[in-house]
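Novice: Got a structure for you, written out below as structure tokens; questions coming shortly.
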Amino acid sequence: MSEDRRELIHEIFRMISSGDLTRLGELVDPEYEEHGPFPTAPGIEGFRELVDMFRAAFPDMEVHAVDPIVEGDRAAWRVEGTGTHLGEFNGIPPTGKRVTFTGVDMGEIRNGKAYRHWSSPDVLGLLQQLGAIPQMDALIARR
């Protein structure tokens with residue numbers, strides 16, 4: 001059973017990377033809840049909203065769940081990915097920069113679908129890669 005849940009997590013990330021959300025209803029619970037730094041509407045539309053926001057900013061985005069650990073209906077995994085900043089992201093105009101995405105996520109599965117998601121992405125690292133916040137080495141060099 002835990003293998004099925006691991007496969008669900010990987011399938012969701014394949015869907016996000018492809019941008020083809022036609023299977024969203026098969027993979028995501030209608031009452032889906034997102035808990036993270038990017039607020040969205042509840043339910044499947046909120047999931048779609050979050051994916052659309054990232055794919056508009058990083059149209060070639062590829063993300064992967066790494067080392068998922070499943071215990072009952074709960075799972076945790078690391079997130080790794082890449083993308084090129086070609087659209088506005090959180091008010092930041094396109095930079096054309098290639099970035100990496102990292103983070104640690106947890107999720108709850110209900111009836112074989114993603115039900116709740118707690119996201120802890122490295123937003124600071126992403127904003128530094130985009131040039132919106134100085135890199136730490138630049139701040140230290142100023143001293």
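The values are calculated or read from the model by the stated rules, or taken from the named source; none is laboratory data. The structure presented is a predicted model; accordingly, all values stated were derived computationally and were not measured. Cβ sites come from the backbone with ideal geometry, for glycine too, and all protein chains shown count toward neighbours. Heads up: the accessible areas ignore ligands, DNA and RNA and are worked out on the full protein's heavy atoms, side chains in. Shrake-Rupley method; radii C 1.70, N 1.55, O 1.52, S 1.80 Å.
Novice: Can you give the local net charge around PHE58? Use residues other than it whose beta-carbon is closer than 12 angstrom to its beta-carbon, Lys and Arg +1, Asp and Glu -1.
Specialist: Net charge in that neighbourhood comes out at -1.
Novice: Hey, any idea what % of the chain's accessible area is carbon plus sulfur with a 1.4 Å probe?
Specialist: Carbon-and-sulfur percentage of accessible area, whole number: 55.
Novice: Take LEU127, project a point 7 Å from its Cα along the Cβ direction, then tell me which residues of segment 14-46 have their backbone nitrogen under 15 Å from it.
Specialist: Those under the cut-off are 37-39.
Novice: Checking the a/c ratio against 1.5 first, then a/b against b/c, what shape does the Cα gyration tensor give for the chain?
Specialist: It is prolate, given that a/c is not under 1.5 and a/b is the larger ratio.
Novice: Ranking request for peptides 89-95, 63-69: highest mean number of other beta-carbon atoms within 10 Å first, then the rest in descending order.
Specialist: In decreasing order of mean packing, 89-95, 63-69 become 63-69, 89-95.
Novice: Indicate, rounded to the nearest 5 percent, the antiparallel portion of the DSSP beta bridges found entirely in the chain.
Specialist: 90 percent
Novice: Magnitude of the Cβ-charge dipole of segment 65-143, K/R +1 and D/E -1, about the Cα centre, nearest 20 debye?
Specialist: 200 debye
Novice: Given +1 on the Cβ of Lys and Arg, -1 on the Cβ of Asp and Glu, and no further charges, what dipole in debye does the chain carry about its Cα centre, rounded to the nearest 20?
Specialist: 600 debye
Novice: Under the rule of at least 5 residues apart or a separate chain, name every residue whose amide H is placed under 5 Å from the amide H of PHE101.
Specialist: Those lying under 5 Å, H to H, from PHE101 are GLY81, THR82.
Novice: Kindly identify segment 29-91 as rounded, prolate or oblate by the Cα gyration tensor criterion: order the square roots of the eigenvalues as a ≥ b ≥ c, call it rounded if a/c is under 1.5, otherwise compare a/b with b/c, prolate if a/b is larger, else oblate.
Specialist: oblate
Novice: Kindly provide the GluC sites (Glu not before Pro) of segment 56-88 that DSSP labels as loop, not H, G, I, E or B, and whose Cβ sees at most 16 other Cβ atoms within 10 Å.
Specialist: In loop regions of segment 56-88 (DSSP not H, G, I, E or B), the sparsely surrounded GluC sites (Glu not before Pro) are GLU88.
Novice: Go through ILE69, THR22, GLY125 and say which Cα lies farthest out towards the positive end of the charge dipole of the chain; charges sit on Cβ, +1 for Lys and Arg, -1 for Asp and Glu.
Specialist: Of the listed residues, the answer is GLY125.
Novice: I've got another one for you. Please compute the contact order of the chain in relative form: average sequence separation of alpha-carbon pairs under 8 Å and at least six residues apart, divided by the residue count, as a percent.
Specialist: Reported relative contact order: 22 percent.
Novice: Related question: Return one whole number: the accessible area per residue of the chain in Å², for a 1.4 Å probe.
Specialist: I get 56 Å² per residue for the chain.
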